[in-house]
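Enquirer: The following block contains the structure, expressed as structure tokens.
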Amino acid sequence: MAAGQQALILAAGVGKRLRSGETAEHPPKALLRFGAETLIARHVRLLRQAGVDAITVVVGYRAAALRAELEGHGAPSVATIHNTEFETGSVVSLLAGASVLRSGERVVLMDADVIYDRRLMARLTASRLANTLLLDRALEPGDEPVKICLDGERIVDFRKRPEHAGEWRGESVGFFRFAPDAAAELAARASEYVAGGRGGLDYEEPIRDMMLASPDGRFGVEDITGLPWTEIDFSADVERARALLPQLAD
């Protein structure tokens, strides 16, 4: 069991890259359906399987539709927080979830636009590391994936375009678990970003700042190489995710 853990899911974004045209209407990525359930319903189910029952979803774009979906799957333990500035950037969504980050419990922070094998979540929630990221050594080429760069076991960079290559690197899944002190620090850093006019940046930036300023050993990685997962950014990713579905352990 993963007692004392809460989950914070960032699901407020517009997902502009899924549009077929500049004004085309489209559902939030978390409402995309894979098999018999939506992506957000799958997140809730797999978190509960991993022992995480307190779940908060940051909503924004088409918030009412997401809330309606969660009412059928999440009550009473799934809460929503409405980020009214969801088009600004994901740091603002991170700050919207500050109450969860400051809860005094361990926090599983996750992107809503990833479909994954349940063993990824089990490995994250059961990790012996106080603060951990999931890393896949099968790094996709290009600037889109967020890279985790390491010297030995020490994280030396965390960015799409890292400044420090390190001895080796892998791709971030977009799932994290933070101890209470790190979660609270992340909330403070997100607040500083927004107050300083940097709310339009990716939420990974304050995480990067915190990791690089921390002593060795505070943050580590769980290697999930070989377990199936994919991030959903473009329309081609939706088809890839559906093709991946039969490989996923539920």
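Enquirer: For the range 173-192, which residues satisfy the criterion of being touching a Leu at 6+ places or on another chain (Cβ under 8 Å) and open to solvent by 10 Å² or more (accessible area, probe 1.4 Å)?
Expert: Ala184, Ser191
Enquirer: Here's another thing I want to ask about it. Among the residues of the range 223-247, how many are open to solvent by less than 40 Å² (accessible area, probe 1.4 Å) and in contact with a Leu (Cβ under 9 Å, 6 or more places away or on another chain)?
Expert: 10
Enquirer: Determine whether the range 195-205 contains at least one residue that is over 17 Å from Leu10 (Cβ atoms), free of Cβ contacts under 8 Å to residues at least 40 places away in the same chain and either in a loop (DSSP other than H, G, I, E, B) or among the acidic types (Asp, Glu) (or both).
Expert: yes
Enquirer: From the list Leu150, Leu95, Leu101, Leu109, pick out the single residue that is under 27 Å from Gly35 (Cβ atoms) and touching a Phe, Trp or Tyr at 6+ places or on another chain (Cβ under 8 Å).
Expert: The unique qualifying residue is Leu109.
Enquirer: Additional query: Within the range 212-223, is there a residue that is outside any strand (DSSP E or B), over 24 Å from Val52 (Cα atoms) and touching an Asp or Glu at 6+ places or on another chain (Cβ under 6 Å)?
Expert: no
Condition check ((1) touching a strand residue (DSSP E or B) at 6+ places or on another chain (Cβ under 9 Å); (2) modelled with pLDDT of 95 or more; (3) hydrophobic (A, V, I, L, M, F, W, C)) across all residues:
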residue: Arg42; (1), (2), (3): yes, yes, no
residue: Leu46; (1), (2), (3): yes, yes, yes
residue: Gly51; (1), (2), (3): yes, no, no
residue: Val58; (1), (2), (3): yes, yes, yes
residue: Gly72; (1), (2), (3): no, no, no
residue: Ala75; (1), (2), (3): no, no, yes
residue: Asn83; (1), (2), (3): yes, yes, no
residue: Thr88; (1), (2), (3): no, no, no
residue: Leu94; (1), (2), (3): yes, yes, yes
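The rows are residues; the columns are (1) part of a loop (DSSP other than H, G, I, E, B); (2) over 22 Å from Gln5 (Cβ atoms).
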{"residue": "Gly104", "(1), (2)": "yes, no"}
{"residue": "Arg119", "(1), (2)": "no, no"}
{"residue": "Ala122", "(1), (2)": "no, no"}
{"residue": "Leu139", "(1), (2)": "yes, yes"}
{"residue": "Glu144", "(1), (2)": "yes, yes"}
{"residue": "Asp157", "(1), (2)": "no, yes"}
{"residue": "Phe176", "(1), (2)": "no, no"}
{"residue": "Ala182", "(1), (2)": "no, no"}
{"residue": "Arg189", "(1), (2)": "no, no"}
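Enquirer: Here is a further query. Take the residues in the range 225-250 that are within 15 Å of the chain's Cα centre (by Cα) and assigned to a loop (DSSP other than H, G, I, E, B), then tell me which one is nearest to Val14 (Cα to Cα).
Expert: Step by step, filter the range 225-250, then rank; the result is Asp233.
Enquirer: Residue pairs, Cβ under 8 Å, 6 or more apart or interchain, first in the range 17-36 and among the charged types (D, E, K, R), second open to solvent by 60 Å² or more (accessible area, probe 1.4 Å) and at pLDDT below 90. List them.
Expert: Arg17/Phe234
Enquirer: Take the residues in the range 103-131 that are closer than 13 Å to His43 by Cβ and in contact with a helix residue (DSSP H, G or I) (Cβ under 6 Å, 6 or more places away or on another chain), then tell me which one is surrounded by the fewest Cβ atoms within 10 Å (Cβ to Cβ).
Expert: My answer is Arg118.
Enquirer: If you check Val57 against the conditions, is it out of contact with any Ser or Thr (no Cβ under 7 Å at 6 or more places or on another chain) and part of a strand (DSSP E or B)?
Expert: Answer is no for this residue.
Enquirer: Which number in (1) without any contact (Cβ under 8 Å) to a residue 60 or more places away in the chain; (2) open to solvent by 40 Å² or more (accessible area, probe 1.4 Å); (3) not in a loop (DSSP other than H, G, I, E, B) marks the one condition that His164 misses?
Expert: If we test His164 against (1) without any contact (Cβ under 8 Å) to a residue 60 or more places away in the chain; (2) open to solvent by 40 Å² or more (accessible area, probe 1.4 Å); (3) not in a loop (DSSP other than H, G, I, E, B), just (3) comes out false.
The values are calculated or read from the model by the stated rules, or taken from the named source; none is laboratory data. These figures come from a predicted structure and were not determined experimentally. Every residue, glycine among them, receives a Cβ derived from its backbone with ideal geometry; neighbour counts consider all protein chains shown. To get the accessible areas, we keep the full protein, side chains included, count just its heavy atoms, and leave off ligands, DNA and RNA. Shrake-Rupley method; radii C 1.70, N 1.55, O 1.52, S 1.80 Å.
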